[in-house]
Every structure is written in C-alpha cells, then in structure tokens.
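The values are calculated or read from the model by the stated rules, or taken from the named source; none is laboratory data. Just so it is clear, the model here is predicted, and its values are computed rather than measured. Note: ideal-geometry Cβ built from the backbone for every residue, glycine included; neighbour counts use all protein chains shown.
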Amino acid sequence: MSDVLRLSRREALNYAQSMIRELNQIMQACDCQMPAYLLEMAYLEVSDILRGERPVAEKNLKEMLNLPKIEVLPIAERKNVA
C-alpha cells in the first residue's frame, strides 16, 4: 500500500473533519476534557478551511510534523482511482 493517499484536497479535509468529530465524541464520553477541547479546536480549524475562511499554510507545517503526503489528483484522474 502506498503512503500517498489519493484524495482531493476537499475529500481529505472532509474525511479529517469526520474523524476529528468521532474522536471528539469518544473523548467527551470518557470525560477527557483537554483532548476533547483540542479536537474541537481542530474541528473548527478544518471547518474554517473548508469554508475558505482560513488561509492555508499547511505545506511547511506538514514538513515540520512529517505527515504522510496527500496527492491531489486532477478531477479526470480521480474517476480511475479505486
């Protein structure tokens, strides 16, 4: 399996937002207030990016955190990805 996720930028942000929401709910159910708060802040940040209200400077942050690469495919190529 490749370490490159084949998602559009919007798909990746929507997926991350969904996972953050689920993790937040788990932390709230466990009464883990600080992780729940931090996840809520992450959820709001992603929401702002999706609405276009937050400038995006993720490239340097991604390199600093050594996150996996996300390859953004042109629309024509996305249909061929399984």
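Before moving on, here are some points about what is shown:
- Considering the stretch 9-47, and only residues there that are surrounded by 13 or more Cβ atoms within 10 Å (Cβ to Cβ) and charged (D, E, K, R), the residue that is modelled with the lowest pLDDT turns out to be Arg9.
- Scanning the stretch 8-59 for residues that are part of a loop (DSSP other than H, G, I, E, B) and either in contact with a strand residue (DSSP E or B) (Cβ under 6 Å, 6 or more places away or on another chain) or at positive phi (or both) gives Asp31, Gly52.
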